[in-house]
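Comments concern the structure below.
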Amino acid sequence: MSRPWILWLAALAPLCAQNIVIQNATIMTVTKGTLQGSVAIKDGKIAEIGEKVMMPFHATVIDAGGQYVIPGIIDCHSHIAVDGNINEATVAVSSMVDIKDVINPEDIAIYRALAGGVTTANILHGSANPIGGRTIVLKMRWGKDAEGLIFEGAVPGIKFALGENPKRPGNPPLLRGFTPAFPARYPATRMGVEDTIREAFNQAKAYKAEWDEYAAKVARGESPIPPRRDLKLEALKEVLEGRRYVHAHCYEADEILMLLRVADDYGFKVRTLQHVLEGYKVAPQIAASGAGASTFSDWWAYKFEAYDAIAYNAALMHKAGIVVSLNSDDAELMRHLNTEAAKAMKYGGLSEDEALAMVTINPAKQLGIDNRVGSIEPGKDGDLVIYDKNPLSDYAKVQKVFIDGRLYFDRDSDIAGRPAKALEKQKLIDKEKQSQPKPAAGRRPVE
Amino acid sequence: MRKLLPALLLVCACAFAENPRTLAIRNAKVVTVSGPVLAKATVVVRDGLIEAVGEAAPIPAGAWIIDGEGMTVYPGLIDSLSTVGIPSLAAPPAGRGGRAPTTVAPPPTPAPGPATTPAPTPPVRGPEDRPATTSWLLAADEIDPSDHRIESVRSAGFTTTVTFPARGIFGGQGSILDLAAVEHPGDMVVVPAVGLYIAVSRPGAGFGSTAGFPGALMGYIAYIRQVYLDAEHYKLVREAYARSPRGMERPPYDRALEGVLASKRVLLPANRLVEMDRMLRFAAELKQPAILYGMREAYRPEAAPLLKKYGAPVLVSLHWSEPPRDPDPEAYRTMRSLEDIDQGPAAPALLRKAGVPFAFYSDGLDQPRELQRAVKKAIDAGLARQDAIRALTLSPAEFYGVADRLGSIEAGKIANLVVTKGELFDDHTEIQMIFVDGKQYKPAPEPPPGAGHGAAEEPGVSQ
Amino acid sequence: MKLAGLLIGCALAAAAAANNSVLIRGADVYPVSSAPLRSVSILVLDGKIAEIGPKVVAPKGVRMVDGRGLRVYPGMIDSATELGLSEIPSVRETVDTGDLGEFMPQLRALASVNPASEHFPVARIAGVTGAIVVPATLETGGRPGAAARQYLSGQAALIRTFGWSWEDMAVVAPAAICVRFPTLGPAGGRGGPVPDFIAGMMGQAGAETYTQMMRTYQQELAKLTDFFDQARRYQKAKAANLPGLARDLKYEAMLPVLDGKIPLAVEAAMPRAIHDAIQFADKQNVKIVVMRPREFGGAAAELKARNIPVILGPVLALPRGQDEPYDEAFTLPAEAYKAGIQFAFASFDNQFVRNLPYQAATAVAFGLPQDEALKAITINPAQIWGAGEQLGSVEKDKSADLVLTTGDLLEIQTQVKHVFIRGQEIELTSKQTRLYDKYLNRP
């Protein structure tokens, strides 16, 4: 009876599956150049890279002859895997809500992102609020539950939004076609957006002072009643303390500068500017602030604030010394961030490594996870993607994706499994048809 | 003429006379639920309670004897999540074996009695405005015995409902009601407060509506979390003040938080596996004993182990996913929705097998035929009949802490009984009589096919 | 003899002065209509391709462009855009697609094209020299909140992406009449239930039953058919020179379709909708082009049998249903090719017209032969839209709409070095390049 054997091996597989050797490939490490050779993964982490590597215990060997290996792609702006509306648009400051509460690990977009080479994504609240909700970083570990997707140790974030989007609820007619009954919500202008942010931090400072006083009393040995926890202000307190990253959606140069100055005034840092399509106009100021910039490769003109967007934005900001990443903000676009990176070579003349960095090590740095992911270096997580061609070519296809050294996507398996899936579905459809009464209308003719 | 008069008198007597307070159903098959099935036994009822059950149970003198030959006696069924008794409420919006209700039901009209949260003007600014929160309400205070659904549901064999003021986010606490035809609503109440009904969506609310915060699911969760944080803080402050009020600023009275603190458990909606996981974690975070309701995807292999891990009891909706009626033959059907329809009714059997405690609830079904068929579906899909019965009797009694007085045929328990010809939930079985608090009721005649909900032509209920 | 020479000399000098003559030397030419040629020259005279060959001698005064190391392709043609009709979609005043009215075949996209739109330079410096401009709303398939359902949206036009006026830019106008054909269920074909919060926003009551949908469908179809019948009656009356016939602009607009000169451009995503559209066209005896199909199914054979071309929407698109293969949209072009259906690519957009070749590249990665991909952005659209004689390939006597690149036209990293439209070299600047230069050189 061979069955028990198979079961036993299958039980071992999860353990062994984290020891992998990918050999004969072109390995683009991003940070340490490109080489021909192999990469070994042991216990889920990158162990060794070189022309030849030591074979870890019981490693699965993958011959990637003629293929390319890059670090797993990191999308710094995504809204996938969320249950319900990505916006809590009813109030101007919604920092009490948390994307972490509504992770949907069964969103097929996760799998599709994997199939596009994405292994980590920064899942954000929408842009309907000057101060939006709390955000989270996920790994695309398809098949795990909500908790299992969370990127352990990644600093949590919060979403801010400047420009047209957060003002829209203040101007119901701007919600073209949607219900005009929506009551107007302050702010309706960019001035109001700034005021809203300042006011919120004003309150947050007072809240923080309350808690600092409480902590001081406790340190002195007293037992006061703690202040009331206010989730909205708590998130902003964490921003003030540097424990929560600010990811700010912004477009125009004026609002970018505005936020940098507000941050200075209140003593916090903007971690990333998102979209930042006019970032090239205030590049020196952004560089001085230390904020990262996460932008589109070539979106423009869909809104007035995007009218001056240029495809050279990433290159210009990069040249100014800003850490730049290219993101998707879209479940479809995230499937080909490799080609978005290639556009940075076309528009601005960046090198292969510079371009690839924009979807790997740069977003990793922006999210504070570059000690774990973003490049192929020993000690980092085994998050790797195998392409059949140079990933900066738009003819390239993702073949395999590893996260933590475990195979999460395999194009061949995906294709092989399709007939069975389709059959299974057809069976259910047929079964249901049989149990139903005959439909009233037959195949209707086209007159 | 001579023969008519006594007959007439007898009829009048039956119609108007008080039901005898002592009765015995003799020689019936008795499904006690708490013990073995008795093939031929007697159930003695006195003063609304079961006095004795057994093959040789002594029948008191003067008792009204009902011949139970060929009949089966079951404990009265308990609907573990209902709105019956509050006529203004439709079925609990969330949990219906289907999708979230944002587009389905129109906003419920405000119930009479205590003011509920009206359509907000000005718009809700945030959690501090306590949107859609009436946590201090008890269903017991809103009962209207003239709710036509009472008779309909009772005719299906339900003697008891756990009725909740299911509206808004924190609608209030549910009450256990015996479906007796009484004048005073208070006479129906078995237990006035059994737990808070919490919803994470509202019909007509959301982006673009006038309802205000919260709009997104995460908004609801954040709001509920904030309420519980506030309640914890409120309790701290209140207790500190009670200990030594001198020199301390007096805390305000917050009836919403009082309501939350008064509740000993919460009901949370979960249909999809992802929602089950989410709600179980959430309840653990809030440190609230929770009962999940809905359970549409409970058939999935991951569901039972997850539920077992947390040990939370669950309420399974009887409103099974149905194939769309008159669908476009080429409309896209997801695999998940097909599986929901195909395997949904198999969930109870799987839960039983895994040892996950569960009960059924009507989820808006209030016609006897609908309810019977719904339970039968689960039985056909593999649930043992006795387990189906338990899911409608002793299990819900246990979940709500009233197993000492409801849910089985045992001496000392409330005399809620269903008497049938044939096995309960089979297609041709007829319910002969129902006893609520020891009073006999006849099932209302079935409305003719195509008639509206529960509009019985004749009053079929005997006193 | 001398006189002839003098005349020719003058003509050539005039041509040279008009600046639409050029000699491109030593490039690798990809004619599309035939195999690639290595290291040849192209002589353009008076905006037309005069000669292609290894040794071409240019007349005096004709400007020379060094093509060594470069490739020459036909200018690309995008088969569905809003170029010139829409500037910033979120600013309604700048949008001129999607008017009101049920039957509006008389609306002319061409005459509303703004040649100064910033979108044109961006498109043409990427090598897109031709585009179909569509009068209907492409993005949402309809104006949100539009009262009446629209059946006929107006006349699409094939234009060049450069010109001093829309007249100047026009190539084929009208090129087609756009139809929003009745469909059961959503026309867009994006499967799966509408998320509740969106359904709530749009006030949908919930799914209609098949019977209800069928009823609506039949009513709409009847309305459309009725309109066509009226148009035919008008056609006959006009042909018979009936006295006192009042000029009807709508029916007039239908004449080229009814005469079989131009097709209906019909949006149909799923096999059933495609089949219905074909049946309708058969019955009405008109030509059609199917826009944005997402699945062929049994309709593939019908399309092939009648030689009905299709315009494929963005290849980089999500699958239409939850359970569908992730590369469903990527493999559709290869499927069309295998089924023998002629197709062209289109961006159905403005801002992504410049990415047209990259859509084609993805199709190649997922099974479409390279040559076919190139055809689908050059000769196929030229033929489909009735400009097959003038555009779409690098051949003698065709219009000199050319793009010179540093490499494979479909590869992102390839740079465009020269673009010619009607033999005139296009300045490779746009709003974007100007802003780039400005900030690159910021002191």
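The values are calculated or read from the model by the stated rules, or taken from the named source; none is laboratory data. These figures come from a predicted structure and were not determined experimentally. Positions of Cβ are generated from backbone atoms using ideal geometry, with glycine treated the same way; all protein chains shown enter the neighbour counts.
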(message) Against the definition (within 11 Å of chain A (Cβ to nearest Cβ), more than 27 Å from the chain's Cα centre (by Cα) and assigned to a loop (DSSP other than H, G, I, E, B)), how does B:A222 come out, yes or no?
(response) no
(message) Anything in segment B:125-141 that is crowded, with 21+ Cβ neighbours inside 10 Å and modelled with pLDDT under 95? List them, or say none.
(response) B:G126, B:P127, B:R130, B:P131, B:A132
(request) For segment C:85-130, enumerate the residues that are of a type in the set (K, R) and either within 12 Å of chain A (Cβ to nearest Cβ) or surrounded by fewer than 24 Cβ atoms within 10 Å (Cβ to Cβ) (or both). (result) C:R92, C:R108
(message) Looking at the structure I just gave you, is B:L338 away from chain C (no Cβ under 13 Å), of a type outside the set (G, A, S), buried (at least 17 other Cβ atoms within 10 Å of the Cβ) and more than 19 Å from the chain's Cα centre (by Cα)?
(response) no
(request) Residues that are closer than 23 Å to B:K264 by Cβ: find the helices (runs of 4 or more DSSP H) completely inside segment B:363-432 holding 1 or more of those. (result) B:385-391, B:394-399
(request) Filter segment A:185-211 for residues that are out of contact with any Pro (no Cβ under 8 Å at 6 or more places or on another chain) and β-branched (V, I, T) and give the result. (result) A:T189
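Considering only strands (runs of 3 or more DSSP E) fully contained in segment A:26-105, which possess at least 3 residues that are within 24 Å of A:H275 (Cβ to Cβ), more than 14 Å from every other protein chain (Cβ to nearest Cβ) and aliphatic (A, V, I, L, M)?
none
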(request) Starting from residues that are within 17 Å of C:M76 (Cβ to Cβ) and basic (K, R), keep the ones in segment C:387-443 and report whichever is farthest from the chain's Cα centre (by Cα). (result) C:K417
(request) Could you list all residues from segment A:209-265 that are in a loop (DSSP other than H, G, I, E, B), within 14 Å of chain B (Cβ to nearest Cβ) and touching a Phe, Trp or Tyr at 6+ places or on another chain (Cβ under 8 Å)? (result) A:P224, A:P226, A:P227, A:D230
(message) Among (1) in a strand (DSSP E or B); (2) away from chain A (no Cβ under 14 Å); (3) not hydroxyl-bearing (S, T, Y), there is one condition C:V266 misses while meeting the rest; what is its number?
(response) (2)
(request) Go through the residues of segment A:117-125 one by one and say whether even a single one is touching a residue at least 40 places away in the same chain (Cβ under 8 Å) and either within 13 Å of chain B (Cβ to nearest Cβ) or among the acidic types (D, E) (or both). (result) yes
(message) Just to be sure before I move on: is A:Y186 outside any strand (DSSP E or B) and either within 12 Å of chain B (Cβ to nearest Cβ) or under 26 Å from B:A211 (Cβ atoms) (or both) in the structure I sent?
(response) yes
(request) Please give the helices (runs of 4 or more DSSP H) falling wholly within segment A:295-357 in which 1 or more residues are among the polar types (S, T, N, Q) and more than 8 Å from chain C (Cβ to nearest Cβ). (result) A:313-319, A:337-346
(request) May I ask you to list the residues in segment A:126-158 that are under 13 Å from A:I86 (Cα atoms) and within 12 Å of chain B (Cβ to nearest Cβ)? (result) A:G126, A:A128, A:N129, A:G132, A:G133, A:R134, A:T135, A:I136
(message) Condition check: hydroxyl-bearing (S, T, Y), in the same structural domain as A:T34 (by TED's automatic domain parsing) and part of a helix (DSSP H, G or I). Does A:S393 satisfy that?
(response) no
(message) Return the pair list, or none, for Cβ contacts closer than 8 Å from residues in segment B:27-44 that are buried (at least 20 other Cβ atoms within 10 Å of the Cβ) to residues that are among the acidic types (D, E) and in a loop (DSSP other than H, G, I, E, B), at least 6 apart or on different chains.
(response) B:A28/B:E69; B:T32/B:E410; B:A41/B:E55; B:T42/B:E55
(request) Would you check if A:A364 is in a loop (DSSP other than H, G, I, E, B), in contact (Cβ under 8 Å) with a residue 40 or more places away in the chain, closer than 21 Å to A:V137 by Cβ and in the same structural domain as A:Y111 (by TED's automatic domain parsing)? (result) no
(message) assigned to a strand (DSSP E or B) and among the polar types (S, T, N, Q): which single residue out of C:S90, C:S79 fits that description?
(response) C:S79
(message) Out of C:A400, C:A360, I need the residue that is in contact (Cβ under 8 Å) with a residue 40 or more places away in the chain, farther than 21 Å from C:V179 by Cα and not assigned by TED's automatic domain parsing to the domain that holds C:S86. Which one?
(response) C:A400
